[in-house]
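Heads up: the structure comes next, in structure tokens.
Derivation of every value follows stated rules applied to the coordinates shown; laboratory data play no part. No experiment lies behind these values; they were computed from the predicted model shown. A quick note on method: Cβ atoms are made from the backbone with ideal geometry, for glycine too, and the neighbour counts reach across all protein chains shown.
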Amino acid sequence: MKLIVTVLVVLATVFSGLIDGYDCKIVQFIFGDSLSDNGNNNRLSKSFAQAALPWYGIDFDNGMPNGRFTNGRTVADIIGDKTGLPRPPAFLDPSLSEDVILDNGVNFASGGGGILNETGGLFIQRFSLYKQIELFNGVQTLIRNKIGDEAATKFFQESKYVVALGSNDFINNYLMPVYSDSWTYNDDTFIDYLMETLGAQLTVLHGMGARQLMVFGLGPMGCIPLQRVLSSSGECQEKTNTLALNFNKATAKLMDDLSAKLPNASYKFGDAYDVVNNVITNPSKYGFDNADSPCCSFGRIRPALTCVPASRLCKDRSKYLFWDEYHPSDHANEMIADELIRKLGFTPINQTDGAPPSPPNAPAPGDD
């Protein structure tokens, strides 16, 4: 009789674990812009911000465009790979289902999106952070209907959250006179506006279960090729870099404040400004040959903004900091990811057979 009771207890424990289910795997939910987008904008038919043309994705999987605004992986891809988190599919991926979400999480990132709803309006279609949070709310409803409130609450509270936006709020909003924010605010009050909005958004996410969350900081965005080519000297635009530094300082404080204020919240700030700036200052020291122009460019026509089939590629993509006028290369993204992992002390989460290797530098027409 005692043996039967013991067996029943063991079976009940196993069955309970299966019902509570999915608690053996932690996934991530990503909110962001083109630096993290992995296919959402490519499925927004009216969006002007897409990574749907060659040579995007040339060093990823089959070499075809996959919605990532780079030649290979995003920072979020690499951090997930190296810490044992599955790569979440794009929200608009047609294969998305409740089971896929439970196994992999979801990526809501959208090229051109910002913290503010008005940011990136010239791109016509994109998901702002508020819209991404709204989509996440719909995902939560699906999962609660699938596994019940108790298990869903546990699932969402144990998940990891990444929020990586802000550069578009400056480059495709505040710094462009076609947007009213450019004359409504000054540098300080605009950052205050961003922090007030971001704080409210992260508080909403906390109410939806986000307990472990990381916000990416901005890099030296005044040094991206697009900003350089718009200056008369071709040098970095210091005003833009100062905005990035002030944004980072304010966001770091916001994370501390929210972690202290919100129950059980561990909100961290990931800052890679210095490591990118060091590469720009002394590229050869970090294994780069070029830190001021895009690998994928349309000859002497600058800025071409995006890669197009007629673009020419640099000879060695691993030696370029920037892939196009806006976005870092795969090699740069790996360097940034490694810096964030080091600073934040990330350790492996789910058991895996190891992170996928860095992509090879595959040849392509137009290499010179």
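Kindly provide the helix-only [θ] at 222 nm of the chain, computed as the sum of -39,500 (n - 2.57) over DSSP H runs of four or more divided by all residues, to the nearest 500 deg cm²/dmol? Please list the in-between numbers first.
Values: 11 runs with 143 residues, N = 368.
Computed mean residue ellipticity for the chain: -12500 deg cm²/dmol.
If packing is taken as the average count of other Cβ atoms within 10 Å, what order do 232-240, 102-110, 191-199 fall into, highest mean first?
Numbers: 232-240: 13.4, 102-110: 24.7, 191-199: 18.1.
Taking the mean over residues of other Cβ atoms within 10 Å, the ranking is 102-110, 191-199, 232-240.
If you take the square roots of the eigenvalues of the alpha-carbon gyration tensor of segment 67-152 and sort them as a ≥ b ≥ c, do you get rounded (a/c under 1.5), prolate (a/b over b/c) or oblate? Don't skip to the end; give the middle numbers.
Details: a/c = 2.25, a/b = 1.26, b/c = 1.79.
Note, shape of segment 67-152 comes out oblate.
Two decimals, Cα atoms only, Kirkwood Rh: what is Rg/Rh over segment 134-209?
We get a ratio of 1.16 for segment 134-209.
Between helix 238-261 and the chain, what is the angle of the helix's C-alpha long axis to the longest principal axis, kept within 0 to 90° and rounded to the nearest 10?
Once rounded, the angle reads 20 degrees.
Want the number for residue 349 to residue 48: 0.36 nm per residue separation, take away the alpha-carbon distance, what's left? Let's see the in-between values first.
Working: separation 301, 0.36 × 301 = 108.36 nm, distance 3.69 nm.
Working it through step by step, the gained length comes to 104.7 nm.
If packing is taken as the mean number of other Cβ atoms within 10 Å per residue, what is the order of 30-36, 255-261, 127-133, 272-278, highest first? Write out the running numbers ahead of the final one.
Numbers: 30-36: 28.1, 255-261: 14.9, 127-133: 22.9, 272-278: 18.3.
Taking the mean over residues of other Cβ atoms within 10 Å, the ranking is 30-36, 127-133, 272-278, 255-261.
To the nearest Å, what is the center-to-center distance of segment 100-117 and segment 169-227, using C-alpha atoms only?
Segment 100-117 and segment 169-227 have Cα centres spaced 16 Å from each other.
Given the chain, what percent of its DSSP beta bridges are antiparallel, to the nearest 5?
Details: 4 of 24 bridges.
Close to 15 percent.
Need one number: convex hull volume per residue for the chain, Cα atoms only, in Å³.
Working: hull volume 55.0 nm³, N = 368.
Taking the convex hull of the Cα positions in the chain, it is 150 Å³ per residue.
Springs between alpha-carbon atoms under 10 Å, Gaussian network over the chain: tell me which of 267, 320, 286 tops the mean-square fluctuations.
Between 267, 320, 286, it is 286 that shows the largest mean-square fluctuation.
Which residues does the label zone of residue 229 cover in segment 322-340, counting backbone N under 11 Å from a point 7 Å along Cα→Cβ?
Flagged as within label range: 324-326.
So which of 25/82; 160/239; 46/131; 154/261; 46/319; 25/131 end up more than 23 Å apart by C-alpha?
Numbers: 25/82 15 Å; 160/239 34 Å; 46/131 17 Å; 154/261 21 Å; 46/319 34 Å; 25/131 27 Å.
Checking Cα-Cα distances, 160/239; 46/319; 25/131 exceed 23 Å.
Ranking request for peptides 159-168, 287-296, 90-99: highest mean number of other beta-carbon atoms within 10 Å first, then the rest in descending order.
Values: 159-168: 24.7, 287-296: 19.9, 90-99: 15.3.
With the highest mean Cβ count within 10 Å placed first, the list reads 159-168, 287-296, 90-99.
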